[in-house]
Every structure is written in structure tokens, then in C-alpha cells.
Amino acid sequence: MRNFAYYSPKNLADAIAAIRDSGGDILAGGTTVVDLMKIGVREPSALVDITGLAELEGHEIGADRIRFGALARMGHLADDKYLVAAAPVLTESLWKAASPQLRNVARLGGNILQRTRCPYFRDTAYAQCNKRSPGSGCAALDGGETSHHAIFGGSSACVAMYPGDWAQALIAFDAEIHTQGPGGRRRIPFADLHVLPGDTPEVETILQRGEIVTEITVPIVPALKASHYLKARDRESYAFASASAAVGVELDGDAVRDVRIALGGVAATPWRARAAEESLKGKPLTEESARAAGRIAFADARELEGSAYKIKLGADVVAGALMTAKSRANGGK
Amino acid sequence: MAQTINTAVTRTDAPRKVTGTATYAADVMPAGMLHGALATSSVAVGTLTGMDISKAKAEPGVLAVFTHDTLPDYKSVKGFYSGGPGSASFWPMDTAPVRSYADNPSSASYWPMEDVRIRYAGQPIAYVVAQSAAAARRGAQLIEATYDVSESHIAMDPEQSFVVGAGEDSKGMVVTKGDLARGLSSVAQIVEAEYITPFQHHNPLEMFSATAEWRGDRLTVWMPSQSVRTLRAGIAQAYGLAETSVRVISPFVGGAFGSKAGVTPYAMLTIAAAKAVGAPVRLIVTRPQMYTVATFRPESVQRFRLGADAAGRLTAFEHIEIAQTSQFDQVVNAGTHITRAMYACPNIHTEQRLSRSDTNSGGFMRAPNEMQTFFGLESAMDELAIKLGMDPVALRRVNDTDRHPVEDVPFSSRSLMQSYAAVADSFGWADRTPEVGSMTDGDWLVGYGCATATYPTNILASNARVRMQGTGQAYIELAAHDVGTGTYTIMAQIAAARLGLPVGACDVVMGEADLPVAPISGGSTTAASAGSAVHDACLKIGRQIAAQVSAMSEGPLSGVDPAGITLENGVLKAPDGRSQPLVEALASTPAGEIEVIGEFRHKAMTDKMIMTTFKGGYGSAGPVTPEMAMFAFGAEMVEVRVHRWTHEIRVPRLHGAFAAGTILNRKTAHSQLMGGMIWGIGSALHEVTEIDKPRARFLNTNIAEYLLSVNADVREIRVEMLEERDDYVNPLGVKGIGELGIVGTAAAIANAVHHATGTRLRRLPIRMSDLVGKA
Ligand SMILES: Cc1cc2nc3c(=O)[nH]c(=O)nc-3n(C[C@H](O)[C@H](O)[C@H](O)COP(=O)(O)OP(=O)(O)OC[C@H]3O[C@@H](n4cnc5c(N)ncnc54)[C@H](O)[C@@H]3O)c2cc1C
Ligand code: SF4
């Protein structure tokens, strides 16, 4: 690891100034950024530790929205029984992520900004990685192992997969993030936060240097209560998703009034499956229509070597998640 | 005194481990110690064309950077590399295809940093010494190497395989009995199938480390090891030192599983660097580097042809094992000599083949010969049962045998069908409906599967020193190891039971090469072999004290013929009923203290085997002696569930019943068997070292992406240990159990997956992706 300077500002203004002056990276729980520093992938000259900023802590369930401070810990939220009742997709996608140890230190702001697990990105022995060293090529696409890569949103420069779980719940439910930076405050629809790799896979979000995520808000809609996060993975815990779905439904009798579907483990960014949602609106939600929605969700997937299974798996996961959400909408578990 | 054998005794070292006072190798910090770090090759095959070490040298704290031209003592360590130590050493001595530990403790032929050649990705190319571990690692990151890259391939090509060894050396590698073609011509059913197992790495929790300190020409090395005497022999050879000048210390090991069995390059480089800088150096290998600086389980293809008559009796048995090896070693984990011992069959053909690819050398990983081969054999048996319309347990019963099918000697004991009966009972096998997919529970497809477990009983010469004091303590010393298995505890139990002392009064010292000879802790040998030496020492103490007290003018045994005195549970007993507790008798002797060397030699051990073990090699007299075949047996049954939507494969229940002779400690034995079964779940469903084909590199070199089973994957595990008496194997009647539990689990799971879904999966690990679109 390269030596670095360490700052621990006590308020937002100081933090923004510290980032500007030092050119350093933001440090929250550190489970992404310190990990990448240890393996030589990130070499910041400074870390600005924002965990002393009390105003970024906490979460509340309000009348029309749920607010999450950017420093709330993954592990704490998953245990909040009010949140479990109000928005199961938000808690399930947290506790099914990582391990208890990681969830105890990782913060929500850091969580949504976690980096890809592409093994070529994470190992500097590979000369080729456009995301790590722009213009160097892509070892994954150059004959590499791509069974864990993105089948949505990839480009010829990079097919890295966005590995996070919680982000799928956020994008499905139209979350917004609130930031403060050198240019003042911003409110950003969560769906706009991450950008596709295109020719510049090194750019992952629209955040500017020194722009700090302060909070995340999720509007409360009926489908949030009848929501579910289904995560398929080869081991029961502590594994990234092979495919996952964040879903929610609101029923009007038999017919679907509102439905949300987002896909994890398959895309370059958090990924909303709008066409699949549309296919269900106004129609009855049955095993058949759920399976059809799953297939529609994956209709334009771009298969990579070794990843064909994700298309079928993902479709089944969407269908399975919708059936659980339906049963929740009908008062079940 | 309570009988301590075959009871559940809590580990004597548990408090030290829990409180952090157990000193592991990397906890030791000799005065003035510096830190080492390895830089490794990013390419697999080629030559180094340049190395820029200037940035590394300029890094604050970095004191020295060694490359192939500056590594000191180059000549003396030349040729001394161990990627796959002792590939031959688990093979019966007289059929060893390559040189054994005794001739060359590394048994490998390629030493990194010898010259500019690169023969595998992750090969050490430079060694950095610094004032802190952080500076050393940073220095290693800053080394810039350029290469002339040649073609490489990491996956073996099974079509390019060859029979292990050459000429005389290949004896035992191709075995034929009867006439396979004839056996195949008159069968009711044939199963012909190929089963594939992947590269796997041990990933012990305790990182690989080595700390070396030179004082003149005396050297001390602290390193986690399951074979301290092998390590010492290798180091002494490499540096031209007398073995008495080298100390190797390894009191605690945080998981070895075969990965800490031999002389490894990181140790040898650390020793060289410590010599050059004139200060002690400690290296802790990083997790990713652990994949290429020691060994792994090579990938393999298991080809089976099984033919049976309508009653299920095997008429033809063919097994060809093709395993991966490096370009410079023949790493032989010979599984065919285990599979052909399993079932009665008149016509048998087995071949042990290898295929080369560009990796470091593989080696031993828990049940190195058995895990892969029994995935194949026991899957094939299941396929055969289905073809025959037989219950899979019934098929095993029909083919059970009390004689080794090839060697034609009896088994010293064999409780295979008793194990099946016990496990079937506890598991509820009778509830299984044989039709595929016939058992469901909500969104879950349910399947039951079973498989045979076995492990050869390897027995090696061992000594042990026991000193007993009349005040009621005993000190047991031997160069054996506790690799986390409970050896400290069982050695104390054996002594306690024989000497009549509390377990806590028996102090066990192990893990140092200077102690009395004990074998490598590999191949599930330690309890049987080293334990028998402790047992012998205690009996000797009994005899010597009996002789002394019977010659005394007073005392309970005064005047008794010492030849008639026996030692039972710590009490000396005369035929006429007179008796005296051993500790009392000892206290009454003039010295009040006694020290003896106990020894374990089996009548089947040749002098060559004994010498091999004494030199740090593997001179096992098992599993087949001229008189007997010695194996432990067991049976496993598993319930598997496959989810209808996610295709996730889960294992809610895994039961095993095992018979392995005397069980010394029911608690630690249970843990060993359970641990093996858990690892079996991992082998079946989780573990695989992924590979990057174009650049011939291991890919998922961390324990986030190399999936090991976690607690949530392990639900009900039930272990039953059956009574079994075997007076042939050793005086304690102990067979090894360290590896038995893992054997068969993967096949049982694959068989259960087939039962649940109708999909036969012949490649490990079995993943969701294999079932998508199918079940
Ligand atoms: C072994 C392992 C397994 C994992 N498994 C999963 C999993 O299954 N599912 C899953 O979803 N995740 C998983 N993760 C990822 C984990 O959830 C993230 O690493 C964690 O949430 C990041 O939070 P942090 O507070 O530690 O972030 P940090 O590492 O501190 O920061 C992450 C990034 O965000 C930036 N940052 C942090 N906070 C802010 C802020 N407020 N404003 C602007 N920028 C900020 C940092 O500069 C850095 O670039 C896993 C991680 C590991 C190491
Ligand atoms: S997929 Fe993206 S992150 Fe992975 S190697 Fe290619 S460019 Fe790098």
C-alpha cells in the first residue's frame, strides 16, 4: 500500500475542503476503498475520513419517504423491525449482502459506491483493464473468464458487473440521493447516479470530486410494503449475487397497479427492468405472467462466454421474487 | 483413575487458543527482526528480460531487494524447490514412481529465482526486505518486471496424458487383474462415464509464514509445518548444514490440510534473505500469493467403466485417473489404488495417468487420493444402481468383500455395511422413494443420496519420549504435530490412561524437529503411529518400574516375578492379585523419576520404510501389507434440496457413520469427521479455483470469491462412530480419521441432486448454473 495522509474532519465544510486540498479519497467504512488500496488498485495520496460527521448518521421513516443518512451502517438497518415491515426489500437486500462483520462497518454511502469485483480489475498483474488503467484494454473480453460479468450495459471497453444488492432496491423504488460538494447541494435521482461504461469505464458515477453523499431518500409507495429481494447465490451467505431481483407490487384486486423490478448480479450498473414492469401492469399476476415478465426482463441481455446461465437464472429469479411479493400484497409472508 | 480413551475430552490447548496465548510461528519476533515480501511473476511462461528495482529500493524502509542475480547462496539452494513435496511419498515405498522425501525432501525439480526462466504465473521473482511488513509489501508492488512471454496453458489436456513414472518406476501405476474385456462382454448393465474435479486450494486460515534467524552457522526457522523433520532435513541439505545445526519450530498450526507438508520456496527464500541481510527475517505470504507458492489439489478426470450382472455383482471394473501436474514434477495422488480396493470384482484394470500444464506443482489436499476418485467411483456406482433398478445401498452390499480384490489379502477389519446400516437408520433412508423428482416440499425439490467413504490406514515408524515423575506428572515429547486436530489432547489421554494420571498432568511437547522421531502429520497417520509410540513408552515405564519394585525388599509387589506384572489403567498388577498404582511404585524407587523412549514399529515395516521415515520421508507400511489390507470405512447419506426458482442447492442434512478402529477422543474425532464432511459439502458445491486461460493464472485468489462453505451452508450434520476392534493395525487399534469424513460426500451430494432433479452432474463443483433450465 502506498503511504497516505489521513484527515478526519468534524463537519461537512471541512470535509469538502480537505478533499479539495488533499486530492484524497473519501473514507467511510473502508471495506471497498482500503481493500483496493491494499491490493494496489487505488493509490490515493490521502484519505478523508467522514465517519466523524454526525449529521450523516441515522435513518427515519417519515410520512411519505424514508431517509437514510449516508453513514448509517448496513448492519443496523437490517435489524430495524419498523423498516422490515415498511420496506422489506430495503432490509433484505442489506442483510443478504456481504457478511455480518462487513455489514457492521460498511456505511450506506459507501455501499452504493462499491466497486466491481471483476478479478482483472482487482489484480494489477493483469496489464489490461480499461477501468483501472484507461486505454489498456480489457482482459475479461480478451479471452478471459466472463461468467460473472455484465450481460446488460457492458461496452466493448468494459463488461464489469456492478455487484451491490441494496442499489437494486433503491433504483426499483425511485430513490434519490442528496449530496453536498464544492458546487453546493444536489438532489440526484438514484437512477442517474451510475453511468454506463461506454468508452470511459473509469468513470462510474456523475459525482464530482469532493462531492459527498449526505443522504438517501426513498419515497413510500404501496408496492414498498409488498416488496422482496431475492438473491440467488451458490452459497447460502457471504456471496455476491449470481442473479437477484428487487421487486414490489401493488395489486388492485387481481390486477397489477404498480410493479417494480430491478436486477442484480447481471448489469454494469444498478438496473431497472422497465419493460418487464410494463408487461405486468393492469394484468393479473400469475406464475405464468411472472415467468413471462422474467423472460422480458432478460430479452436484450448480451450473453458473454460462460454467462448464458444468468439469462435463464435471472428470469426465474424475477418470477420467483414476484410470486413472493404477490403473496405479501395479499397479506402473506 | 478414569479410563480416558474413547471418551470426550476437551482439547487441552483450547484455553491457550481462545485467549491468544498459543504461540503460532508468525507470533515469534526474534530481536532485530526484519520483514520480507515476495514479488511474483505476472506471466506464466517466458523469460525475464528486465527488472527495475529502483523504485522499490527508494521506498522508505526498504533495505534490500534480491533478484535471481543477487539472491545469496544461490548455489547451495540450487535445485531445491518444492512446489509439490513428496509427490511420491504417499505411494507404497517399493512402487514409488519418483524420488521420495528421503532422497529429496522437496521432491521437486524447480527452484524459483534460479535464473530468468518463468515457468508458472505467481512464481517468485524478487524478495524484498524492509523494516516493516508494509514497506516490504509496498516495495514488492513497486518492482517492475518485463518479460519475453511464451505460450502457456493452465488447464490440462486429458488427451495428452501419460502413465506415471517410466519403466520400473511405473510399477503399480497400471494394474490389471483378470480380463476386463471378458468382464465387459457378459454384463447386464454398463456405466461408462467421466467425472471431472477442479483445481482447489487449501486456504488455511493461518497464512503461510516463515521466520529465519541465523547465528553463525546455526539456523532457527519458525514456520507452520505438518512435518518439522522433513523441513529440517530439506533446509540442512540445501545449506550444507548438519541437521543438528538447524532448529525447526512449529508448535501450533492454524490449518494445514496438506499445504504445510513440505519444503516450500517461500521458506528457502526467507532463509537465504536472512543470511544475506545478517538479521532475522519474517515473511508472511499474502493470501493471493498462497495460491502459487505452495501446493493445491490438481484438477482431474476420472474415467470409469463398471459392468455388472443382473444381480448387481461387478464383473468389470476400470478406472483411469488423469490428474494435472506441473511441467517439472510428477505429482501423483494415486487414487486408483484406493478405488480398486473397494468392491469385489474378478476383472479389474486401473491406470494412473498425468497431464502437464503450466502451474506450480500441486500436492496433497485433505484426502488427496480419495476425494476426486470417490466422487467418480461413488457417482458411477449410483448410476449403475439406477440402471439396474437397485437400491444404491443394496448395490454396495452385493459387492462388499472381506478380501482386497486385487492383492487378495483379507481386510484387517472392514465395517462398510455396518456403517451403511447405522447411517440408514439415523438418516431415515427407508423413507426415500426411488423415482427421480418424487420428493418435494413446497418450492424445494428434495433428493436423497448416499456414498461410501474410506481411508487407507497409513502406519509409519514413530518414537516418543515419556518422562514420568513420582509426584504425578508426565512429560511427553515427540516431533509430531497438532495441526488443529487435537493431537496434544490425544497424546495426553493415551499417557494418562496408561500411567494412571489425570489428562491435565500429562504435558505434551511437539512441533520441533529436535524431539524424538515422529512422522509427518499427513495421510491421517499421527494418532495411529505417534500415538502407538506414546503407548509403548508408557508400557515400558510400567515394565521398568515393575522390575524395580519387585526387586525391593518392601512394598506391595516386593518379590513378585516382574515378568508376570501387567500395567492396567495405571496400576501394576501381579497375577496373585497384589497391585500398586504405578505412580506410587515410581515414587518408591530411588530416582523417583523415569524416562523412556517408546517406539512403534509394525511387523510389516521394512528397514527401508523405517529409515525413510527417520529421514523425514513417508515410509508407510500401509495400507496393504503382505498379510492384510488396512482401511477405515464409512457411509454417508445426504438430503439435498434444489429450489424451484433460484436453483440454489442446499444441504439440510448430512449424516455419516464411520468405523475406524479405536476412537481415542470422541470429541476431537467427531470434529475431524464433521470437518471432513463439511469440506465435502464445499467440494461438492462451492470450491473451485477459477482459471484465466489466456494468461494461465489462477483467478479467484481470495476467500471472498473462492467459495468455502459458510455456517449457513452447514445445517444438520450427524456423525456416528461405530465400535470396531482391529488388533492388526497397531497396538492401539487406531485407524486414521482426519481425512475419512470428506471422502464420498461429493458423490453423495451429486447422487442426491440427481435424485431430486433427474440431472446427473459429473463435474465439481455442482452449481446453480448447472441446473438452470433443467430443474
Ligand atoms: C468480501 C466482501 C464481500 C462483499 N459482499 C457484498 C455483497 O454480497 N453484496 C453487496 O452489496 N456488497 C458486498 N460487499 C461490498 C460492501 O457492501 C461494500 O464494500 C461496503 O458497503 C462499502 O461501504 P464502506 O462504508 O466500507 O465504503 P468505503 O470503502 O469507505 O467507500 C466506498 C467508496 O465510496 C466512497 N464513499 C464512501 N462514502 C461516501 C460518501 N458519503 N459520499 C461520497 N463517496 C463516498 C469512497 O471514497 C469509496 O470510493 C462486499 C465486500 C467485501 C469486501
Ligand atoms: S471488464 Fe472492465 S473492469 Fe474487468 S478487465 Fe475489462 S475493463 Fe477491467
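The values are calculated or read from the model by the stated rules, or taken from the named source; none is laboratory data. Remember, predicted model here, so these are calculated numbers, not experimental data. With ideal geometry, Cβ positions are generated from the backbone for all residues, glycine too; neighbour counts draw on all protein chains shown. Surface accessibility is based on the protein's heavy atoms, side chains included, excluding ligands, DNA and RNA. Shrake-Rupley method; radii C 1.70, N 1.55, O 1.52, S 1.80 Å.
Here are a few things to note about the model shown:
- Some residue of the stretch B:431-443 being surrounded by 24 or more Cβ atoms within 10 Å (Cβ to Cβ) and at pLDDT 95 or above: no
- Scoring A:Ala97 on the criteria (1) within 8 Å of ligand 1 (Cβ to nearest atom); (2) among the aliphatic types (A, V, I, L, M); (3) away from chain B (no Cβ under 14 Å) leaves a single failure, condition (3).
- Annotation note: Cβ proximity below 8 Å between a residue of the stretch B:239-251 that is on the phi > 0 side of the Ramachandran plot and a residue that is of a type in the set (S, T, N, Q) and assigned to a helix (DSSP H, G or I) (sequence gap 6+ or interchain) occurs for B:Gly240/B:Ser76.
- Of the residues B:Ser671, B:Ser683, the single one that is within 14 Å of chain A (Cβ to nearest Cβ) and not acidic (Asp, Glu) is B:Ser683.
- Selection status of A:Phe240, within 14 Å of another protein chain (Cβ to nearest Cβ), at pLDDT 95 or above and either over 30 Å from A:Asp142 (Cβ atoms) or open to solvent by 40 Å² or more (accessible area, probe 1.4 Å) (or both): yes
- Residues of the stretch B:291-307 that turn out to be of a type outside the set (Phe, Trp, Tyr), open to solvent by less than 10 Å² (accessible area, probe 1.4 Å) and more than 22 Å from B:His337 (Cβ to Cβ), as a count: 2
- Matching residues in the stretch A:1-48 - criterion: being within 23 Å of A:Leu77 (Cα to Cα), part of a strand (DSSP E or B) and open to solvent by 40 Å² or more (accessible area, probe 1.4 Å): A:Ile26
- Scanning the stretch B:595-623 for residues that are surrounded by fewer than 21 Cβ atoms within 10 Å (Cβ to Cβ) and among the hydrophobic types (A, V, I, L, M, F, W, C) yields a total of 6.
- Breaking point among (1) modelled with pLDDT of 95 or more; (2) polar (S, T, N, Q); (3) not in a strand (DSSP E or B), for B:Gln3: (1)
- Every residue from the stretch A:167-206 that is of a type in the set (S, T, N, Q), outside any strand (DSSP E or B) and within 16 Å of ligand 2 (Cβ to nearest atom): A:Thr200
- The listed residue being open to solvent by less than 30 Å² (accessible area, probe 1.4 Å) and within 16 Å of ligand 2 (Cβ to nearest atom), out of A:Gly153, A:Gly69, A:Gly109, A:Gly135: A:Gly153
- All positions within the stretch B:758-775 that are within 14 Å of chain A (Cβ to nearest Cβ) and either assigned to a loop (DSSP other than H, G, I, E, B) or of a type in the set (Val, Ile, Thr) (or both): B:Thr759, B:Leu761, B:Leu764, B:Pro765, B:Ile766, B:Arg767, B:Val772, B:Gly773, B:Lys774, B:Ala775
- Unmet criterion (only one of (1) surrounded by 21 or more Cβ atoms within 10 Å (Cβ to Cβ); (2) out of contact with any helix residue (DSSP H, G or I) (no Cβ under 9 Å at 6 or more places or on another chain)) for B:Arg182: (1)
- Strands (runs of 3 or more DSSP E) wholly inside the stretch B:271-358 that include at least 1 residues being outside the structural domain of B:Val128 (by TED's automatic domain parsing): B:300-308, B:314-325, B:348-356
- For B:Glu705, the conditions (1) open to solvent by less than 30 Å² (accessible area, probe 1.4 Å); (2) assigned to a loop (DSSP other than H, G, I, E, B) are fulfilled apart from (1).
- Comparison of A:Ala246, A:Ala262, A:Ala268 shows that the only residue that is under 27 Å from A:Leu102 (Cα atoms), away from every other protein chain (no Cβ under 14 Å), buried (at least 19 other Cβ atoms within 10 Å of the Cβ) and within 16 Å of ligand 2 (Cβ to nearest atom) is A:Ala268.
- Among the numbered conditions (1) open to solvent by less than 10 Å² (accessible area, probe 1.4 Å); (2) more than 16 Å from ligand 1 (Cβ to nearest atom), the only one that A:Ala127 does not meet is (1).
- Residues within the stretch B:505-544 that are open to solvent by 10 Å² or more (accessible area, probe 1.4 Å), within 19 Å of B:Phe631 (Cα to Cα), of a type in the set (S, T, N, Q) and part of a helix (DSSP H, G or I), tallied: 1
- Checked against (1) more than 30 Å from A:Ala315 (Cα to Cα); (2) facing chain A (nearest Cβ under 9 Å); (3) not in a loop (DSSP other than H, G, I, E, B), B:Gly741 meets all criteria but (2).
- Filtered residue count, the stretch B:634-683, keeping only those that are part of a loop (DSSP other than H, G, I, E, B) and polar (S, T, N, Q): 2
- Scanning the stretch B:684-702 for residues that are in a loop (DSSP other than H, G, I, E, B) and acidic (Asp, Glu) yields a count of 2.
- Per the conditions (1) open to solvent by 10 Å² or more (accessible area, probe 1.4 Å); (2) within 12 Å of chain B (Cβ to nearest Cβ); (3) under 26 Å from B:Gln141 (Cβ atoms); (4) away from ligand 1 (no atom under 14 Å from the Cβ), the sole criterion not satisfied by A:Pro119 is (4).
- In the stretch A:202-219, of all residues being touching a Phe, Trp or Tyr at 6+ places or on another chain (Cβ under 9 Å) and more than 12 Å from ligand 1 (Cβ to nearest atom), the one that is farthest from the other protein chains (Cβ to nearest Cβ) corresponds to A:Thr217.
- Unmet requirement for A:Val33, which otherwise passes all of (1) within 14 Å of another protein chain (Cβ to nearest Cβ); (2) in contact with a Pro (Cβ under 9 Å, 6 or more places away or on another chain); (3) β-branched (Val, Ile, Thr): (1)
- When residues of the stretch B:116-152 are limited to those that are open to solvent by less than 50 Å² (accessible area, probe 1.4 Å), in contact with a His (Cβ under 8 Å, 6 or more places away or on another chain) and more than 16 Å from B:Asn360 (Cα to Cα), the one nearest to the other protein chains (Cβ to nearest Cβ): B:Ala135
- Note on the stretch A:207-223: residues that are assigned to a strand (DSSP E or B) and surrounded by 17 or more Cβ atoms within 10 Å (Cβ to Cβ) total 7.
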